[in-house]
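The values are calculated or read from the model by the stated rules, or taken from the named source; none is laboratory data. Predicted, not measured: the structure shown is a model, and the values here were computed from it. Here the Cβ positions follow ideal geometry from the backbone for every residue, glycine too, while neighbour counts run over all protein chains shown.
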Amino acid sequence: MSNEALASKSSKKVDIKKLAVLAIFIAFGYISLYVFRFKVSFLTLDFKDVFITMAGFVYGPAAAALVAAVETVLELFTVATTGFWGAIMNFAGSAAFAVTASLIYKYRRSFSGAIIGLVSAVFSMTAVMLVMNMVITPIYTGADLKTVIGMIMPLLLPFNLTKAILNAAVTFIVYKPLSQALKGASVIPASDSNFKIGKKTVAGVVIAAVIVAASIAVLIGLFGGTFEFVKK
C-alpha cells in the first residue's frame, strides 16, 4: 500500500473518531436538557453550552459552531417550545458563547487562555442575546420594540448575563477533568495545552464553584418566584 493510501486511510480514521467524539459532546448536551432546564418567562436556563464549548476547546471554533447547530436542531424537534424563532436565538446564543471561548483558547491553550476565553464568551453571548431579543422577541411575542427595550434591565440583561456566567463557571469546572478522562481513554488526542490540573487550576475550580453558587443565588433572588422547571 502506498504512502498516499496509508495517509488517506489514517485521515479517515481520524475523521471518524472526531465525529464520534463530537457525537459524544452532542449527546451530553442533549441529555443535559432533560436533567436541568428552567424557564423564566420566555427565557430558558440550561447547560448545553457547557458541552458545546468543550467540543470547541478540543477541536476548535468550527466544531463548536457545528455542535451548536446540531444541538439546536435536536432541541427544536424534541424539547423546545419556542419554535423556529426560538431555535434561531438558541443557536445565536450558543454559537456566540462557544465559538468566542474556543477561538481564544485555540490560540492560547493555557489556564489564562481558558479564563480569557470564557470571560469573553460571557460578554459575547450577553451582547448577542440582547440584540437578538430586540430583533426577534417582537416577532415571537408580538410585543413592540419599546416594550422589549423596557424588559432589558429587569429581565433580559440580568438573566442572560447570569446565565452566561453560570455556564462559563461550570465549563471551567468540568472541562479539564472530563478532557483528561477522555484523553486517558484515548478518545480525544493529547494536546500541548498548558492548562494542567495543579494548584492554580484547583484554586480556579474553587472560585468557579463559588461563582456557580453566587449565580444561582442571584437567579433565585431575581426570578425565584417565576422559575419553572421544564419537565420532559
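Couple of notes before you dig in:
- The single residue among ALA27, ALA62, ALA20, ALA55 that is surrounded by 18 or more Cβ atoms within 10 Å (Cβ to Cβ) and either part of a helix (DSSP H, G or I) or within 16 Å of the chain's Cα centre (by Cα) (or both) turns out to be ALA55.
- VAL174 of a type in the set (Val, Ile, Thr) and touching a Leu at 6+ places or on another chain (Cβ under 9 Å): no
- Pairing each residue of segment 48-70 that is on the phi > 0 side of the Ramachandran plot with any residue that is surrounded by 24 or more Cβ atoms within 10 Å (Cβ to Cβ) and not acidic (Asp, Glu), provided the two are 6+ apart or on different chains, yields C-beta distances under 8 Å for GLY60/SER102.
- Each residue in segment 180-232 was checked for being acidic (Asp, Glu) and modelled with pLDDT of 70 or more, and 1 of them qualify.
- Residues that are touching a residue at least 60 places away in the same chain (Cβ under 8 Å), under 17 Å from TYR34 (Cα atoms) and part of a helix (DSSP H, G or I) within segment 71-115 are absent altogether.
- LEU33 being part of a helix (DSSP H, G or I), free of Cβ contacts under 8 Å to residues at least 24 places away in the same chain and crowded, with 17+ Cβ neighbours inside 10 Å: no
- Any hit, segment 151-162, residues being part of a helix (DSSP H, G or I), within 13 Å of the chain's Cα centre (by Cα), touching a residue at least 40 places away in the same chain (Cβ under 8 Å) and within 18 Å of PHE38 (Cβ to Cβ): yes
- LYS146 meets each of the listed conditions (1) surrounded by fewer than 19 Cβ atoms within 10 Å (Cβ to Cβ); (2) at pLDDT below 80 apart from (2).
- Single residue of ALA114, ALA80, ALA92, ALA69 found to be at pLDDT below 95, aliphatic (A, V, I, L, M) and surrounded by fewer than 23 Cβ atoms within 10 Å (Cβ to Cβ): ALA80
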